[in-house]
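Novice: Sharing a structure here in structure tokens format.
The values are calculated or read from the model by the stated rules, or taken from the named source; none is laboratory data. Note that this is a predicted model, so its numbers are computed, not measured. Note: ideal-geometry Cβ built from the backbone for every residue, glycine included; neighbour counts use all protein chains shown.
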Amino acid sequence: MASYETIIVETRGKVGLITLNRPKALNALNSQLVGEVNAVLDGFDKDPAIGCVVITGSEKAFAAGADILEMKDKTYPESYLEDFITAWDRVAQRRKPIIAAVAGFALGGGCELAMMCDFILAADTAKFGQPEIKLGVMPGAGGTQRLTRFVGKSKAMEMCLTGRMMDAAEAERVGLVSRVVPAADLVEEAVKVASQIADMSMPTVMMTKESVNRSYETTLAEGIRFERRVFHAMFAMADQKEGMAAFAEKRKPGFKNR
Ligand code: CAA
């Protein structure tokens, strides 16, 4: 496996584990780190041995935002010409599922990166926020849009306008995170959940992800229509026959990803 300077990459069975690793900058997201994450995700998406990905940070910080020192002197034409931030969103375009395992700070671009993943498991130490307003800017990697869809207008507006942080309990209460676990168990729990997903039929997992994500982009009627078409199509897959036969025969299914 290639070596990286800002992340640590491991595989645990069928799970790809990416650990953000710029400890001196609380995992602030610079262009190198985003490039490395995308390169690894490109590989995981192509690798049939990988069924699910976990992105995590350190105990202290998932990521404390975009790297302020890297971006502070950017001009408008520079950010426009290089299309600053757009490459980050590739994390949200991935076809295999990605779990964010968040401990400590997930601020600014860190919170936005977590929200680009398919769901967020939080340690009880997690703190989420969009503090960009305190820097004289607003969220630029999806925060005003995705946070609003997660938690509704009132709370998203308060978070984005004041920059205050939300703790793990509040984040779970308002639906930003799927579950809160003790910090010491976070990565193990995320890998366990990811392994369960990776053991399912991979095309079924990917189509399910696609269908849930469709609910963000379309009307209810169109979304239901999309779901119904994909659901019907699943009856053309050997994995549907295997999954249902295994239930009827009271045994574990052996999915073949076809
Ligand atoms: N960019 C660059 N460096 C950062 C950073 C960031 N976003 N966040 C932290 N660091 C660096 C600090 O500069 C510091 O480096 P030095 O030791 O060299 O001084 C180191 O990480 C440790 O940070 P602190 O000493 O500040 O640690 P703390 O525990 O006292 O505070 C914190 C932690 C509250 C997270 C604080 O570091 C902080 O407020 N960070 C900035 C958070 C922020 O504003 N994020 C939004 C960035 S803008 C953005 O993300 C735009 C977008 O939408 C894409």
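Novice: Yes or no: Ile120 outside the structural domain of Glu217 (by the TED database) and either away from the ligand (no atom under 16 Å from the Cβ) or under 25 Å from Val54 (Cβ atoms) (or both)? Before you say what the answer is, go through the steps one by one.
Specialist: Values: outside the structural domain of Glu217 (by the TED database): yes; either away from the ligand (no atom under 16 Å from the Cβ) or under 25 Å from Val54 (Cβ atoms) (or both): yes.
It is true that Ile120 is outside the structural domain of Glu217 (by the TED database) and either away from the ligand (no atom under 16 Å from the Cβ) or under 25 Å from Val54 (Cβ atoms) (or both).
Novice: Hey, can you tell me all the residues within segment 45-64 that are within 18 Å of Arg90 (Cβ to Cβ), surrounded by fewer than 17 Cβ atoms within 10 Å (Cβ to Cβ) and in contact (Cβ under 8 Å) with a residue 40 or more places away in the chain?
Specialist: Going residue by residue through segment 45-64, those that are within 18 Å of Arg90 (Cβ to Cβ) are 45-47, 50, 52-55, 63.
From what is left, the residues that are surrounded by fewer than 17 Cβ atoms within 10 Å (Cβ to Cβ) are 45-47.
Of everything in segment 45-64, just one residue is within 18 Å of Arg90 (Cβ to Cβ), surrounded by fewer than 17 Cβ atoms within 10 Å (Cβ to Cβ) and in contact (Cβ under 8 Å) with a residue 40 or more places away in the chain, namely Asp45.
Novice: Can you spot a residue in segment 171-179 that is assigned to a helix (DSSP H, G or I), among the hydroxyl-bearing types (Ser, Thr, Tyr) and assigned by the TED database to the domain that holds Lys72? Walk me through it before giving the result.
Specialist: Going through segment 171-179, the residues assigned to a helix (DSSP H, G or I) turn out to be 171-173.
Checking which are among the hydroxyl-bearing types (Ser, Thr, Tyr) leaves us with none.
No - not one qualifying residue is present in segment 171-179.
Novice: Can I ask one more? Here are some residues: Gly108, Gly142, Gly104, Gly129. Which one is within 10 Å of the ligand (Cβ to nearest atom) and under 30 Å from Met202 (Cβ atoms)?
Specialist: Details: Gly108 fails: under 30 Å from Met202 (Cβ atoms); Gly104 fails: under 30 Å from Met202 (Cβ atoms); Gly129 fails: under 30 Å from Met202 (Cβ atoms).
One residue alone meets the criteria, Gly142.
Novice: If you check Gly110 against the conditions, is it farther than 30 Å from Pro253 by Cβ, touching a residue at least 12 places away in the same chain (Cβ under 8 Å) and outside any helix (DSSP H, G or I)? Walk me through it before giving the result.
Specialist: Numbers: farther than 30 Å from Pro253 by Cβ: yes; touching a residue at least 12 places away in the same chain (Cβ under 8 Å): yes; outside any helix (DSSP H, G or I): no.
The answer is no for Gly110.
Novice: I need the full set of residues from segment 162-192 which are under 30 Å from Gln240 (Cβ atoms) and free of Cβ contacts under 8 Å to residues at least 40 places away in the same chain, in order please.
Specialist: Pass one, segment 162-192, residues under 30 Å from Gln240 (Cβ atoms): 178-179, 189-192.
Hit for segment 162-192 is Lys192, nothing else.
Novice: Tell me which of these Gly43 doesn't satisfy, since it passes every other one: (1) away from the ligand (no atom under 16 Å from the Cβ); (2) in contact with a strand residue (DSSP E or B) (Cβ under 6 Å, 6 or more places away or on another chain); (3) not hydroxyl-bearing (Ser, Thr, Tyr).
Specialist: Only one criterion in (1) away from the ligand (no atom under 16 Å from the Cβ); (2) in contact with a strand residue (DSSP E or B) (Cβ under 6 Å, 6 or more places away or on another chain); (3) not hydroxyl-bearing (Ser, Thr, Tyr) is unmet by Gly43, namely (2).
Novice: For segment 193-210, check the following and say yes or no: at least one residue is without any contact (Cβ under 8 Å) to a residue 12 or more places away in the chain and of a type in the set (D, E, K, R). Even if it seems obvious, please write down each step before you answer.
Specialist: First pass over segment 193-210, keeping only residues without any contact (Cβ under 8 Å) to a residue 12 or more places away in the chain: 196, 208.
Now narrow it down to the ones that are of a type in the set (D, E, K, R): none.
No; the residues of segment 193-210 include none that is without any contact (Cβ under 8 Å) to a residue 12 or more places away in the chain and of a type in the set (D, E, K, R).
Novice: Right, something else. Return the residues of segment 3-33 that are surrounded by 18 or more Cβ atoms within 10 Å (Cβ to Cβ) and away from the ligand (no atom under 12 Å from the Cβ); say none if nothing qualifies.
Specialist: Thr6, Ile7, Val9, Val15, Gly16, Leu17, Ile18, Leu20
Novice: Check segment 85-103 and report whether any residue there is crowded, with 21+ Cβ neighbours inside 10 Å, farther than 24 Å from Tyr216 by Cβ and not charged (D, E, K, R).
Specialist: Within segment 85-103, one or more residues are crowded, with 21+ Cβ neighbours inside 10 Å, farther than 24 Å from Tyr216 by Cβ and not charged (D, E, K, R).
Novice: Taking the options Ala236, Ala198, Ala194, Ala183, name whichever one is at pLDDT 95 or above and in contact with an Asp or Glu (Cβ under 7 Å, 6 or more places away or on another chain). Full working, then the answer.
Specialist: Numbers: Ala236 fails: in contact with an Asp or Glu (Cβ under 7 Å, 6 or more places away or on another chain); Ala198 fails: in contact with an Asp or Glu (Cβ under 7 Å, 6 or more places away or on another chain); Ala194 fails: in contact with an Asp or Glu (Cβ under 7 Å, 6 or more places away or on another chain).
Checking each option against the conditions leaves just Ala183.
Novice: Got a sec? Which of Leu113, Leu121 is surrounded by 20 or more Cβ atoms within 10 Å (Cβ to Cβ), under 18 Å from Val180 (Cβ atoms) and of a type outside the set (Ser, Thr, Tyr)? Spell out the reasoning first.
Specialist: On the way: Leu113 fails: under 18 Å from Val180 (Cβ atoms).
Criteria check complete, one pass: Leu121.
Novice: I would also like to ask the following. Please count how many residues of segment 66-83 are out of contact with any strand residue (DSSP E or B) (no Cβ under 7 Å at 6 or more places or on another chain) and near the ligand (Cβ under 7 Å from one of its atoms).
Specialist: The total comes to 2.
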